[in-house]
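**Student:** Quick one: structure below, then a few questions.
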Amino acid sequence: MLTENTIIVDGEKISDLGVESQFVQRPNTTLPIIGIPVGLHIYNMADQEADSTYYKWLHKKPKREERLVRFLSKKQVDELGNTYVGFNEWLLKSGDAPVIIEKEKTEKSLQRVKSWYAKRGWFNTEAEYKIVSDSSKAKRAAITFNVTRHMPYIVDSLQERISSPVVDSIFQMTKSKAFVKKGKQYEASDFENERERINIQMRNSGLYYFDREYISFEGDTVNTGHKANMTYIIPDRKIEVGDSSYTEPFKVHKVNEVKIITDYTFANQGKKFSDSIEFKGYTLYSYEKMRYRPKAITDAISITPNKTFKDIDRTLTYNQISDLRIFKYPNLSYQEDPRDSTKTGLISTIFLTPRKKATLNASFDAYTSTIQQIGIGGSGSLLLRNIFRGAETLQITGSGSVGSSKDAADDESFFNISEFGVDAKLSFPRFLFPINTNKIIPKYMGPRTNISIGFNAQNNIGLDRQNLSAIFNYNWKPSKIRENSLDLVNVSYVRNLNTDNFFNVYRNSFDQVNEIARDIEAADPGIINPDFYTLDEDNDIVLNIPNGINSFLQTTTAPESPYTLSPDNSDILLSVIERGNRLTEDNLIFTTNFVWTRDTRDNIFDKNFSRFRWKIESAGNVLAGISNIAGLEKNEDGNFETGGVVFSQYGKVEAEFIKHWELAGQNVFAVRGFGGIAIPYGNSNSIPFTRSYFAGGANDNRGWRPYDLGPGSSGSIFDFNEANFKLAFNAEYRFTILGAFKGAFFVDAGNIWNALDNVEDEASRFSGLADLKEIAIASGLGIRYDFGFFVFRLDTGFKTHNPALPEGERWFKEYNFNNAVYNIGINYPF
């Protein structure tokens, strides 16, 4: 059995994934660090001759089969055998068969290694292999490949043999961008890339009949002193007529006419058109009455009448038509224009098949949780296409749920909590703007305007929140990997209807105040008004919610308070009051934001990509400007109000970078970095709860639960800890355990802090770089199951560095299963 492949190049052992990928046989996969070949063990558990084994067992004792048939049935006895065979077949399929060294495969690996180096200029590579038996383990051996490369070949002279004058002229225009360069070591991939570059250049310069098969290279390496003299060879166009053929120089073709069939279906083939429209050189046809305004269709088509043929226009047209979301994937063809005597004219025909005018989707679910003993929910969406005949789409979505919760026991009905919402989104395949933006953002960028409005209402064990939102958004893609999004207007109004329930929801805040009240009463019995509290079974004070605790807090902050408070307790009570006011106040958030995204991922299965996103957001400036110009009066706290609500004013900047590297054996190493800060000013001295940051959870720092980490070293004293400054860093090594079962080792780091806002607690604030020592670190391991269309994930995070502990006791003090956090998630965290 093969235990290891070793490659020695020019006397030195190397580790190169490119070379190692040439091995036809590789050792059985083992788990990282511990090195156990789980797949091999599972394969070895299987009975290789399960059918025969079951037959022998069934007939080992006389009359065993007869008794089983009498006890079960003939069908069940046969099924028992099928189950045994099927289970062993599953073990064989799921496990890894032992990799046995085979001479033919080893020699094939050797030739592939030599070829790999030859493609990189080492034409005279010598290689041999040696099988080395393991003296400590029987029937185990490793293979060592010895490679001697000698001197590599360098590209020396570059000549051209190009037959068609127009091809030569176009080639010379971008010759300086060639991948093949004089003085560079020979690299086969350079020649493949150069063929592709020339092909793209020619097909985007009007040469309709050109393709990459016309491009070849001829090399001379005989007696050249390890220099390769290369010649480009591009012959004339070959034309076949019957059994004969002839050649002629390539010609530049022009698109004379563009035809668009707007309602093509297989059933419509052969029918006559009943409607047609001429628009800016385009001709639109319809088998029925035309349902589209011409501009809505032609704006998505990059193929332009009376312009030189460009192959890129075909690709752009495919993408832009698909982005309209009202047609299925289009068909597109070119034919020579029979009316053109020069034979350089083309007619392009675009076949569009409309999607259904309306699509209705609905879903229903039932669930249970620690808060809701039973919940029933449903949602539905209606998508309407081409509603104004300009390829617009309107999507209306509604959702609702009802549930039963013991925590809302003041309501006698069974279903005592509910939530419902409705959203509408109108999307235009163009920019709605007073001036023409085509020169700044051309149509190939897929400009789109989105207008959405939504309403959501919660009647639950929380604060019974209502949320009204409206967004006016522009979206466009400058390139395949780039996307921009601008929310010109993003308005959110949050109204809390049940603010008296605050201390029922935020129990940590209640416990802090109640504990201080007990200390005050213990030090001076009778000083607290008896109307503020009741007594529990231990005869301890329990402040009444809401009137008792609110009255107590008002008394503690009164100018002539009867209570004597320590500085720490005074700070805690002021912090609770400030937090209560912030979380129960109504919010009006009027923002403008811009999001810039660069994502090199080709598809969801791409394991080697990077993603960079940054966002800048400004809130309240427009309303502040209007308030100042209009000379509006400020309230008693010195803030402007709109509709009786103090609007938020802040600036926010955040950035995120993600990088994935695919390693050997389909393993992946992934990293992420995130930083964000929101600074209040003007009309605000804090950030709305809905726009602040939190830390912890399945997609963040997995050693802490959501909202359970930070701020700073404060120790998570509240139920939901949040702040306005965040740093987060993650690294994860993902590997295959067995088939669809995957594993991961991870390290997460980060925290949240308060910065430049009204929080004065030094443990929660970020005052300088020295506070970076308060970054929390978690490490752990996870297991995943890949269903193909989604990944189920279970991660176990251990607190490795806990900034809430005293300095000197923060490392590994809680690194145990008692303090571990178990996270369940869908798909990878980043």
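Read-outs: derived from the displayed coordinates by stated rules, not from any lab. Just so it is clear, the structure is predicted and the values come from calculations on it, not from any experiment. Quick reminder, even Gly has a Cβ in these numbers, built from the backbone with ideal geometry, and neighbours come from all protein chains shown.
**Student:** Within the stretch 221-280, what is the number of lysine pairs with alpha carbons under 30 Å apart, leaving out pairs fewer than eight places apart on the same chain?
**Tutor:** Taking the Cα cut-off of 30 Å, the pair count is 13.
**Student:** Just the number, please: percent antiparallel of the DSSP beta bridges in the chain, rounded to the nearest 5. Display every interim value, and only then the final one.
**Tutor:** Details: 203 of 230 bridges.
So the antiparallel bridges in the chain amount to around 90 percent.
**Student:** Skipping prolines and chain starts, which residues have an amide H placed within reach, meaning under 5 Å, of the one on ARG355, given they are 5 or more residues away or on another chain?
**Tutor:** For ARG355, the qualifying residues are PHE327, LYS328.
**Student:** Rounded, prolate or oblate for the stretch 154-248? Axes are the square roots of the Cα gyration tensor eigenvalues, ordered a ≥ b ≥ c, and the cut-off for rounded is a/c under 1.5.
**Tutor:** It comes out prolate by the Cα gyration axes.
**Student:** Determine the gain in length on full extension of the stretch ASP540-SER341; use 0.36 nm per residue of separation and subtract their C-alpha separation, reporting nm with one decimal.
**Tutor:** Once the chain is fully extended between ASP540 and SER341, it gains 61.3 nm.
**Student:** Shifting gears a bit: Between LEU384 and LYS295, how high is the FRET efficiency from 1/(1 + (r/R0)^6) when r is the Cβ-Cβ distance and R₀ = 25 Å? Nearest 0.05.
**Tutor:** Working: r = 20 Å, r/R0 = 0.80.
It comes to 0.80.
**Student:** If you look at just the Cα atoms of the chain, how large are its Rg and its Dmax in Å?
**Tutor:** 35.8, 114
**Student:** For a quick check of your reading of the filter: which GluC sites (Glu not before Pro) in the stretch 31-99 sit in a DSSP loop and have no more than 16 other Cβ atoms within 10 Å?
**Tutor:** GLU49
**Student:** Moving to a separate point now. For the stretch 484-489, in order, what is each residue's ³J(HN,Hα) by Karplus, 6.51 cos²θ - 1.76 cosθ + 1.60 with θ = phi - 60°, in whole Hz (x at glycine and Pro)?
**Tutor:** Rounded to whole hertz, the list is 10, 9, 10, 8, 5, 9.
**Student:** When only Cα pairs under 8 Å and 6 or more residues apart are kept, what is the percent relative contact order across the chain? Please report the intermediate quantities before stating the final value.
**Tutor:** Details: 1739 pairs, mean separation 47.6, N = 830.
Once divided by the residue count of the chain, the mean separation gives 6 percent.
**Student:** Another question about this same structure. Pull out the extension gain between ASP500 and LEU756, defined as 0.36 nm times the separation in residues minus the alpha carbon to alpha carbon distance; nm, one decimal.
**Tutor:** Roughly 89.2 nm would be gained on extension.
**Student:** Any idea which of GLY380, THR393, ASN459 is furthest toward the positive side of the dipole for the stretch 358-493, if Lys and Arg beta-carbons carry +1 and Asp and Glu beta-carbons -1?
**Tutor:** THR393
**Student:** Using helices alone, what [θ] at 222 nm do you get for the chain, with -39,500 (n - 2.57) per DSSP H run of 4 or more residues, divided over all residues and rounded to the nearest 500?
**Tutor:** After summing the helix terms and dividing by the residues of the chain, the value is -6000 deg cm²/dmol.
**Student:** Please turn the phi angles of the stretch 760-772 into ³J(HN,Hα) values with the Karplus equation 6.51 cos²θ - 1.76 cosθ + 1.60 (θ = phi - 60°), one per residue in order, whole Hz, x for glycine and proline.
**Tutor:** Running phi through 6.51 cos²θ - 1.76 cosθ + 1.60 with θ = phi - 60° gives 9, 4, 5, 5, 9, 8, 9, 9, x, 4, 4, 6, 5 Hz.
**Student:** Ordered by residue, what ³J(HN,Hα) values in Hz, to whole numbers, does the stretch 74-79 give under the Karplus form 6.51 cos²θ - 1.76 cosθ + 1.60, where θ = phi - 60° and Gly and Pro are x?
**Tutor:** Coupling constants for the stretch 74-79: 4, 5, 6, 5, 5, 5 Hz.
**Student:** Something else about it: Figure the gain on full extension for LEU805 and ASP599 (residue separation times 0.36 nm, minus the Cα-Cα span) and round it to one decimal in nm.
**Tutor:** Stretched fully, the LEU805-ASP599 segment lengthens by 70.2 nm.
**Student:** Something else: With charges set only on the Cβ (+1 for Lys and Arg, -1 for Asp and Glu), what does the dipole of the stretch 458-523 come to about its Cα centre, in debye to the nearest 20? All intermediate terms of the calculation are to be shown ahead of the outcome.
**Tutor:** Numbers: 7 positive and 8 negative charges, 132 e Å.
Here the stretch 458-523 has a charge dipole of around 640 debye.
**Student:** Another question, then. Taking the simple approach of a point 7 Å from Cα along Cα-to-Cβ for both TYR84 and GLU49, what is their distance in nm?
**Tutor:** The two pseudo-label positions are separated by 1.4 nm.
**Student:** Given a Förster distance of 45 Å, report the FRET efficiency between ASN438 and LYS13 from their Cβ-Cβ distance, rounded to the nearest 0.05.
**Tutor:** So the FRET efficiency works out to roughly 0.15.
**Student:** Here's another thing I want to ask about it. Give the lysines whose C-alpha is closer than 24 Å to that of LYS425, dropping any in the same chain fewer than 8 places away, or say none.
**Tutor:** Once the sequence-local lysines are set aside, what remains near LYS425 is LYS295, LYS328, LYS356, LYS357, LYS443, LYS477, LYS615.
**Student:** Testing the spin-label approximation: label points 7 Å from Cα along Cα→Cβ at ASN484 and ASN456. State their distance in nm.
**Tutor:** 2.9
**Student:** Let me know the shape class of the stretch 438-586, please: from the alpha-carbon gyration tensor, a ≥ b ≥ c as square roots of the eigenvalues, rounded when a/c is under 1.5, otherwise prolate if a/b is greater than b/c, or oblate.
**Tutor:** Numbers: a/c = 4.21, a/b = 3.15, b/c = 1.34.
Since a/c reaches 1.5 and a/b is larger than b/c, the shape of the stretch 438-586 is classed as prolate.
**Student:** Residues of the stretch 578-616 with amide nitrogen under 14 Å from the 7 Å Cα-to-Cβ point of SER21?
**Tutor:** 607-609
**Student:** Here's a follow-up. Distance from a point 7 Å along Cα→Cβ of ALA470 to each backbone N in the stretch 479-505: keep the residues under 14 Å and list them by number.
**Tutor:** Answer for the stretch 479-505: 488-494.
**Student:** Filter the GluC sites (Glu not before Pro) in the stretch 568-675 down to the DSSP loop ones having no more than 13 other Cβ atoms within 10 Å, then list what survives.
**Tutor:** Filter output for the stretch 568-675: GLU633, GLU636.
**Student:** What distance in nm lies between label points placed 7 Å from Cα along the C-beta direction at ASP531 and GLU196?
**Tutor:** So the two model labels end up 8.1 nm from each other.
**Student:** Here is a further query. Which lysines, if any, have their Cα less than 20 Å from the Cα of LYS108, not counting same-chain residues under 8 positions apart?
**Tutor:** Reachable lysines: LYS119, LYS130.
**Student:** For the stretch 501-565, just say rounded, prolate or oblate: build the C-alpha gyration tensor, square-root its eigenvalues into a ≥ b ≥ c, call rounded for a/c under 1.5, and beyond that prolate if a/b exceeds b/c, oblate if not.
**Tutor:** oblate
**Student:** Kindly state, to the nearest 0.05, the FRET efficiency for LEU58 paired with ASP423, given R0 = 60 Å and r defined as their beta-carbon distance.
**Tutor:** In this case the efficiency is close to 0.40.
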